[in-house]
Amino acid sequence: MPSIFFFSDQSIGGDDKQNMMKTTYFDHAASSWPKPPQVAQAVGKWVEDNGANPGRGSHRLAMDASRIIYDCRWNLADLLGVKNPLDIAFTANATMALNMALSGYLREGDHVISTELEHNSVRRPLEWLKRTRGVEVTYVPADRKGNIDLTALADAFRKNTRLAAVSHGSNVLGSILQVGEIGEMCRKKGVRLLVDAAQTAGALPIDVEKMNIDLLAFPGHKGLLGLQGTGGLYISPEIDLEPFMYGGTGGFSEETGQPDVRPDRYEAGTLNTPGIAGLNEGVKVVLQEGTEAIHRREWELSQLLMEGLMQVEGLELLGPSLGEARTGTVSFLLPKMDPSEMGMILDKSYGIAVRTGLHCSPLSHQTAGTLGSGAVRASIGFSTTRDEVVYVIQAVQEIARTYRD
Ligand SMILES: Cc1ncc(COP(=O)(O)O)c(C=O)c1O
């Protein structure tokens, strides 16, 4: 494990600080780290023992590659309540999955309901589809804490509405959207639902059947504990999505068109087998632990973090209040202190990794009233400990004191 270490003459107790001289990682909303050891072991083992293309060859190594991918697809289906694992296509990240869903489903003149909490990975493809296909988009408002106005969402349906595209969890405010209720509304109106589960896959219970989700985009490198370069899209069997990429699939080679059979239809080109071998182990850890237990633990740590930060004079916490539902993402601001300065001091003087700025979601910052400043985002994940949370609280308290004096 790398250890970056900087020191300052700050006054946090010697032992505590020495113990934290390795990186204290609070950027799980971007990518989770450290990964469970079995993830790295599976990737290393793959690279050493095999290197063949899955689905492209009848030799033993190619079959082993296919088996790992099959196994991961099955485990993902188990986790996400997907009936047929072949309805899950692997992608390079959540952004690719979202682009596949939006551009493969939306046609000239369609209307989409989205929200003011979306990441640029939803907003930019939608804006591109507005410009190029005349797609119409309504961004349903959210309040400052990141709650969507469900009445406004219900009022947004039009005759030409074909899709609702919503985040499950805000990557800035940590709020959780009522995907179940939105799914019910969509089902009644005959409108399909795309959910961006970038912040929740592996960290919150998700069941595509129970929640009426037709398309679910997820990254492998966040709550599912896999490597960067992995992700996926669940595509309901009722939807015939136009493929995003065309090319070789290892089978049906005599056909000039992309095969109809899933998942081949959506997986042109060689897959990231080493990444998927690692992701499979991450998913197994999540399945073993259970998303309810993971969420409960991360929520408790978020409450501890919030309670500690609330002791800092003038500090503004964004998102849901103490005691309310949220993910492990806690964003905050100190009056008159630039968030990027706070981020830099946390990194250089305390070895604490947080994210600052607009977090690829200017809409959410606009909603929270922080578009001009951005915020400091401390995000808790699977590997976060209580001691680490206490250390972050002490560091922020100390920086605030020093800054004030
Ligand atoms: C809400 C949300 N959507 C989409 C993405 C994009 O995910 P990826 O980096 O896997 O493409 C992120 C990444 O942080 C996110 O937070």
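The values are calculated or read from the model by the stated rules, or taken from the named source; none is laboratory data. Just so we're clear, the structure is a prediction, and the values are computed from it rather than from any experiment. When we count neighbours, we look across all protein chains shown, and the Cβ atoms used for this are built from the backbone with ideal geometry, even at glycine.
Counted as qualifying within the range 31-111 are the helices (runs of 4 or more DSSP H) with 1 or more residues that are of a type in the set (S, T, N, Q), crowded, with 21+ Cβ neighbours inside 10 Å and within 16 Å of the ligand (Cβ to nearest atom), namely 94-105. Taken residue by residue, the range 273-290 has no member that is among the aliphatic types (A, V, I, L, M), in a strand (DSSP E or B) and either outside the structural domain of K45 (by TED's automatic domain parsing) or within 30 Å of R326 (Cα to Cα) (or both).
Among the residues of the range 192-215, the ones that are closer than 17 Å to L126 by Cβ, in contact with an Asp or Glu (Cβ under 9 Å, 6 or more places away or on another chain) and in contact (Cβ under 8 Å) with a residue 40 or more places away in the chain come to 3 in all.
Residues in the range 249-263 that are surrounded by 14 or more Cβ atoms within 10 Å (Cβ to Cβ) and in contact (Cβ under 8 Å) with a residue 40 or more places away in the chain: T249, G250, R262, P263. Residue-level analysis places T151 outside the set of residues that are assigned to a strand (DSSP E or B) and either more than 16 Å from the ligand (Cβ to nearest atom) or more than 30 Å from P36 (Cα to Cα) (or both). Within the range 292-309, identify whether any single residue is touching a residue at least 40 places away in the same chain (Cβ under 8 Å), loosely packed, with under 14 Cβ neighbours inside 10 Å and either away from the ligand (no atom under 16 Å from the Cβ) or among the hydrophobic types (A, V, I, L, M, F, W, C) (or both), and answer yes or no. So far as the range 292-309 goes, yes, one or more of its residues are touching a residue at least 40 places away in the same chain (Cβ under 8 Å), loosely packed, with under 14 Cβ neighbours inside 10 Å and either away from the ligand (no atom under 16 Å from the Cβ) or among the hydrophobic types (A, V, I, L, M, F, W, C) (or both).
Residues that are more than 10 Å from the ligand (Cβ to nearest atom) and surrounded by 24 or more Cβ atoms within 10 Å (Cβ to Cβ) within the range 209-231 comprise I213, D214, L215, L216, G223, L224, L225, G226, listed in sequence order. Screening L163 with (1) in a strand (DSSP E or B); (2) over 16 Å from the mean Cα position of the chain (by Cα); (3) within 16 Å of the ligand (Cβ to nearest atom) gives one miss only, at (3).
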